[in-house]
């Protein structure tokens, strides 16, 4: 139950500290402090036994516990089945403002596991830093399996998961839906600022909330440094609107990054609108990265893609990256297996590109199976504007760049692919089919491929504009001579450069240019880059369908006209051979592969089968399958021994099908184990004559006390309270304590002998088919057993007599599973005689209580009591 107490600031400090030692401060006001008496959370707060969070009240209590802690390394986990927690509600209170866990007075260093829950917060630290579900995540701190929703506001370092993550902290399997607002800078969907931290996920990560700040604003992280890493086993997505209100450094993933890396196995995508309201002096706005220094962004099996609009009036604006530069780190790169692509509209001032605004990495942008491609409109209002890259300052060559969007500008250096190439490197295998439009008095240096080029050479490129390949002015004409080779333009370009070859529209559409771009004659390269599906593609395509030349005819035909493939299986090695024959020249193509298979094994009553699958490298051959059936096994009980329970016996099928064969009820006969005499009790048991199953032995009373009988009782009602029975399972003696209706209880009296080294008091025993709980241990039960080393006491034991362990000199371990022991059920000498060499193990939740209880019942303080 929550208790609220009002405490005057004028009260003695000692009294206040006494309250604060057991309660957490929740809110503050002039003249008083509100304090909640803390109820005990389930768990102990360690990594092995974290606090269990079942709802908002528990999460508030956990925050108070951490705040009052000096180490701030307490751990917690949201309970299984809890999918949503709303921290704006606590009991009857609503619209609460969340106090982030961990702050400048002490960062959070524990492990918090959200267990997949969505946690709604309203964090408002508008005049303070470090806002989020957590404020500062410090060394060793880890937040996992959480999605934040609601809102988070602050001055600097504002995020959904945490304000800051640093010093090897980790954010694992987390997403954000909350709207993030920083009055200053460093605003991110997951973290406002991250240095030397790691964000990782077994699946994918995403931000869908709007993120706003003055500068350093990102969908995942506002500002990253110190080797921060993002490692994701699937994809990354930002769909939230990302806005820098008065400056630059704004990106769909990271606003500003200095030495960081992002790596995902699948697509890395932004679909949100990226906006900067900064002035001409600001820099860096990008669909994925705003401003990056020594940062790698890699999709190992997918694409890097921006689909969102990027709008700014600043320098360095791009669809993937705004400004990408490196100091001396050659490992930094932009790379994707299936392409680096922008489809969003890109608007900026200087250095504006469809893919990157300004690129100055020492390593090139690359794609193993794709291309560097822009399909969106690119609009600049200054210098260096290009369809793919605004300004190229890299020390590496560029290849496989393509632009399909319109490029417009009012200033200098405007190109269909590159605005200004200021690097001593080369460009090859690139194209532009978008319109290039310049307006204004300052417009100059316009090119179909590059507005300005000062590199080594341009080769194997084409464009379809009316401008020359390169827009360099007349004064630089001599510098371009000899640098252009095997490049093509349309007839509407009336001023081609030397080395730029003019072709008709028909040459572009019928495959001639596509063929020539890979060279001709002896200079034609073996691994073709260009292609075109003639009749469909109007211009050459990177990686398109192969074009063949026959005199003046260009076609996609391969020269052969094959009939339908024929497939032949060989059952000796389960291989499949595919063949097809050219109907004109009888040329044969064939391929043989060994089939893989999946198997359903035959059962006793069901047939089995193997499904074979042959997959060919030649795409002209289809996947082939073949099924082979196997007969059922039939049941097998050869040499099988009898299985049994208290009611029946049977033989198990040796094939493991689980069927019980030859099943029948027991046929019992009474066996006298030991005859009773006038002074000695006897014993007997019932035994099945077929399988040998034995019922528990029962005592035959001494003839002087009870009527002698050779007949074993046939049911539990013949057993009387106080009667001693022998448990056949362990040979131990038990006394009947209760035997009425459905209540059956026994007391453990003694083991079968005193030579046993291990004794386990069971939870229950079976007597004549009835279950008897073992609820107590008789006095002196193990006394003077000098060889006994380990004792285990079952969970139903609630009473233990006196001197039970006395004289057990070799006893090393006592394991108590019961949680029912109390002072009134233990003798003051129950644990008397146990030496310091013995360890007592108890359930974890009873550790504290049992330590005190056992010492009051004869246990030496030198004996260790610990949890198991």
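Values quoted throughout were computed directly from the atomic coordinates according to the rules given, and no laboratory measurement underlies them. These numbers were taken from a predicted model, which means no experiment stands behind them. Because the Cβ atoms are built from the backbone with ideal geometry, glycine has one as well, and the counts that use them run over all protein chains shown.
So what's the chain giving for Rg/Rh, alpha carbon basis, Kirkwood Rh from the mean inverse pair distance?
The Rg/Rh ratio comes out at 1.18.
Report the normalised scattering of the range 48-196 as log10 I(q)/I(0) at q = 0.08, 0.13, 0.17, 0.21 Å⁻¹, calculated by the Debye formula with identical scatterers on the alpha carbons.
Listed by q, the Debye log ratios stand at -0.17, -0.47, -0.84, -1.35.
Going by alpha carbons, how many degrees (0 to 90, nearest 10) lie between the helix axis of 13-22 and the longest principal axis of the chain?
For helix 13-22, the angle is close to 90 degrees.
I need the shape label for the range 786-868. Rule: rounded when a/c is under 1.5, else prolate if a/b > b/c, else oblate, with a, b, c from the alpha carbon gyration tensor.
Rounded is the answer for the range 786-868, as its axis ratio a/c remains below 1.5.
Report, for the chain, the % of DSSP beta bridges that are antiparallel, rounded to 5.
Here the share of antiparallel DSSP bridges comes out near 30 percent.
To the nearest 10 degrees, how steeply does helix 56-68 sit against the main Cα axis of the chain, on a 0 to 90 scale?
Approximately 90 degrees, to the nearest ten.
Write down the radius of gyration of the range 430-563 and its Dmax, each obtained from C-alpha positions, in Å.
16.2, 64
Using the beta-carbon distance between residue 437 and residue 368 and R0 = 35 Å, what value does 1/(1 + (r/R0)^6) give for FRET efficiency, to the nearest 0.05?
0.55
Could you give the distance between the Cα centres of the range 387-421 and the range 94-117, to the whole Å?
46
For the range 120-254, what class follows from the C-alpha gyration tensor (a ≥ b ≥ c being the square roots of its eigenvalues): rounded when a/c is under 1.5, otherwise prolate if a/b is larger than b/c, else oblate?
Because its axes are fairly even, with a/c under 1.5, the range 120-254 counts as rounded.
How long are the three semi-axes of the equivalent ellipsoid for the range 760-807, computed from the Cα gyration tensor as the root of 5 times each eigenvalue, in whole Å, largest first?
Each semi-axis is the square root of five times an eigenvalue, giving 22, 12, 9 Å.
Round to a whole angstrom and tell me the spacing of the C-alpha centers of the range 598-623 and the range 796-840.
Here the two parts' Cα centres lie 62 Å apart.
Evaluate Rg over Rh across the range 591-646, taking Cα atoms for both radii and Kirkwood's formula for Rh.
Answer for the range 591-646: 1.33.
Over the chain, what is the mean sequence separation of C-alpha contacts under 8 Å (at least six apart), divided by residue count, expressed as relative contact order in percent?
Relative contact order comes out at 3 percent.
Helix-only estimate, please: 222 nm mean residue ellipticity of the chain, summing -39500 (n - 2.57) across DSSP H runs of length 4 or more and dividing by its residues, to the nearest 500.
Mean residue ellipticity, 222 nm, calculated: -1500 deg cm²/dmol.
Please provide three numbers in whole Å: the alpha-carbon extents of the range 156-196 along the principal axes, with the largest listed first.
27, 20, 8
Under the Kirkwood approximation applied to all pairs of distinct alpha-carbon atoms, what is the hydrodynamic radius of the range 498-634 in Å?
This gives a value of 18.9 Å.
Could you list log10 I(q)/I(0) for the range 308-354 at q = 0.19, 0.25, 0.29, 0.32 Å⁻¹, which the Debye formula gives when each Cα is one point scatterer?
Scattering profile of the range 308-354, log10 relative to I(0): -0.67, -0.92, -1.03, -1.11.
Can you pull the Kirkwood radius for the range 323-465, inverse mean 1/r over Cα pairs, to one decimal in Å?
Value: 14.2 Å, from the Cα pair sum.
Taking the Cα atoms of the range 246-326 alone, what are Rg (to one decimal) and Dmax (as a whole number) in Å?
Rg and Dmax of the range 246-326, Cα atoms, are 11.9, 38 Å.
Considering every pair of different Cα atoms, what Kirkwood radius, in Å, is found for the range 515-555?
Taking every pair of different Cα atoms in the range 515-555, averaging 1/r and inverting gives 10.5 Å.
Can you pull a Stokes-Einstein diffusion coefficient for the range 713-867 at 20 °C (1.002 mPa s), Rh from Kirkwood over Cα pairs, as a whole number of µm²/s?
D, rounded to a whole number, is 136 µm²/s.
Can you grab the distance from the C-alpha centre of the range 302-354 to the C-alpha centre of the range 653-690, Å, no decimals?
82
Counting just the Cα atoms, what span does the range 44-105 cover along each of its three principal axes? Round to the nearest Å and put the largest first.
If we take the Cα atoms of the range 44-105, the spans are 31, 30, 15 Å.
How large is log10 of I(q)/I(0) for the range 417-496 at q = 0.11, 0.26 Å⁻¹ when the intensity is taken from the Debye formula with one equal scatterer per alpha-carbon?
Listed by q, the Debye log ratios stand at -0.24, -1.44.
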